[in-house]
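These notes concern the structure reproduced below.
The values are calculated or read from the model by the stated rules, or taken from the named source; none is laboratory data. Keep in mind that what you see is a predicted model, and the values were worked out from it rather than measured. Cβ: placed from backbone, ideal geometry, glycine included. Neighbour counts: every protein chain shown.
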């Protein structure tokens, strides 16, 4: 069964079911934006995480024993892989209701705990096929190419972010393979147990662990975004993120000096969103255009608005 596409998707994905067996997810990648080594770097990392206790959808080897298969047709190469289907369902499929009779704080804690386990395993990981690093995609040259010249202030702000990032530690405790898209659209929840199973490592790369935590913060605002009282929004987000960190710290450690950079890394998530959007327009042959959401992200960077203005 074909899984409906979503904005920014780069693959064709099917659910494969056979009577008496667990379902699998078949992914066919057809765009020339990733190499064979990129795919192998992703799949080998997922297999490593699964084998060492990470709560992820494992790769299913082909009949030939390979994690990745290639099919060439009409001078075009298709990369094909198979994953175990995660138990449970998306939060949105459950209408953003958590487990009946269980406090939502369990979910927040588990989000942090599962991510902390993945990061701890990453700290011990030595790749065979190495995935690209953050700076391979996000650099002054790519920004100058993708961002229209009419947004000169945005370009300056993005380059400033990059300069600051270049000065940050990249030691074993702070920098390694990260998911780079950790949110409730990329994991399923077993609503009987609360267990979270992560998938879609298609954007995984070498970056700062703090980035994944900042991503988790930005997606947490949805739980309180309609509260009109800014002080209540602030209280909720402080409590939310502290619960996430409790779960995270149960599996790995993170320096307070990195946690203090949360507002900065939230800006880095904006950079990712902006660059990715303009890259998508280019790849689709569209003229650069800013909708309301993109315009606001740009404003937050240009005007140095912290926390996306969520507490204003």
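Can you say whether residue 275 is part of a helix (DSSP H, G or I), within 23 Å of residue 139 (Cβ to Cβ), in contact (Cβ under 8 Å) with a residue 24 or more places away in the chain and within 22 Å of the chain's Cα centre (by Cα), as far as the supplied structure shows? Don't jump to the end; show me each part of the working.
Numbers: part of a helix (DSSP H, G or I): yes; within 23 Å of residue 139 (Cβ to Cβ): yes; in contact (Cβ under 8 Å) with a residue 24 or more places away in the chain: yes; within 22 Å of the chain's Cα centre (by Cα): yes.
In short, yes.
Could you please find all residues in the range 88-101 being in contact with a strand residue (DSSP E or B) (Cβ under 9 Å, 6 or more places away or on another chain) and surrounded by fewer than 16 Cβ atoms within 10 Å (Cβ to Cβ)?
Taking the range 88-101 and keeping what is in contact with a strand residue (DSSP E or B) (Cβ under 9 Å, 6 or more places away or on another chain), we get 88-91, 93-94, 98-99.
Passing the criteria: 89, 90, 93, 94.
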Item to check | Residue under evaluation residue 283, criteria (1) at pLDDT 95 or above; (2) under 25 Å from residue 159 (Cβ atoms); (3) surrounded by fewer than 16 Cβ atoms within 10 Å (Cβ to Cβ), criterion not met | outcome: (1)
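Kindly indicate which of 199, 209 is touching a residue at least 12 places away in the same chain (Cβ under 8 Å), touching a strand residue (DSSP E or B) at 6+ places or on another chain (Cβ under 9 Å) and closer than 20 Å to residue 96 by Cα.
Working: 209 fails: closer than 20 Å to residue 96 by Cα.
Matching residue, one of 199, 209: 199.
Within the bounds of the range 75-82, is there any residue that is part of a loop (DSSP other than H, G, I, E, B) and free of Cβ contacts under 8 Å to residues at least 12 places away in the same chain? Walk me through it before giving the result.
As a first pass, look at the range 75-82 and keep what is part of a loop (DSSP other than H, G, I, E, B): 75.
Then drop every residue that is not free of Cβ contacts under 8 Å to residues at least 12 places away in the same chain, which leaves 75.
Checking the range 75-82: at least one residue is part of a loop (DSSP other than H, G, I, E, B) and free of Cβ contacts under 8 Å to residues at least 12 places away in the same chain.
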Checklist outcome for this item: Of 57, 61, the only residue that is within 20 Å of the chain's Cα centre (by Cα) and closer than 30 Å to residue 136 by Cα is 57
Next on the checklist: Six or more apart or on different chains, Cβ atoms under 9 Å: show the pairs whose first residue is in the range 291-312 and in contact (Cβ under 8 Å) with a residue 24 or more places away in the chain and on the phi < 0 side of the Ramachandran plot and whose second is in a helix (DSSP H, G or I) and exposed (fewer than 11 other Cβ atoms within 10 Å of the Cβ).
Outcome noted: 311/231
Next on the checklist: Between 104, 25, which is at pLDDT 95 or above, closer than 19 Å to residue 185 by Cα and crowded, with 18+ Cβ neighbours inside 10 Å?
Outcome noted: 25
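Residues in the range 56-63: is at least one in contact with a strand residue (DSSP E or B) (Cβ under 7 Å, 6 or more places away or on another chain), over 20 Å from residue 131 (Cβ atoms), surrounded by 12 or more Cβ atoms within 10 Å (Cβ to Cβ) and at pLDDT 85 or above? Walk me through how you get there before you give the answer.
Going residue by residue through the range 56-63, those that are in contact with a strand residue (DSSP E or B) (Cβ under 7 Å, 6 or more places away or on another chain) are 56-60, 62.
After this cut, where a residue has to be over 20 Å from residue 131 (Cβ atoms) as well, the list is 60, 62.
Those still in the list that are surrounded by 12 or more Cβ atoms within 10 Å (Cβ to Cβ) too: 60, 62.
After this cut, where a residue has to be at pLDDT 85 or above as well, the list is 60, 62.
Checked against the condition, which is being in contact with a strand residue (DSSP E or B) (Cβ under 7 Å, 6 or more places away or on another chain), over 20 Å from residue 131 (Cβ atoms), surrounded by 12 or more Cβ atoms within 10 Å (Cβ to Cβ) and at pLDDT 85 or above, the range 56-63 yields at least one hit.
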Checklist outcome for this item: Here the qualifying pairs (Cβ atoms under 7 Å; residues six or more apart or on different chains; first in the range 122-134 and on the phi < 0 side of the Ramachandran plot and modelled with pLDDT of 95 or more; second in a loop (DSSP other than H, G, I, E, B) and surrounded by fewer than 16 Cβ atoms within 10 Å (Cβ to Cβ)) come out as 123/172; 123/173
Checklist outcome for this item: Filtering the range 226-262 for residues that are within 18 Å of residue 306 (Cβ to Cβ) and part of a loop (DSSP other than H, G, I, E, B) leaves a count of 2
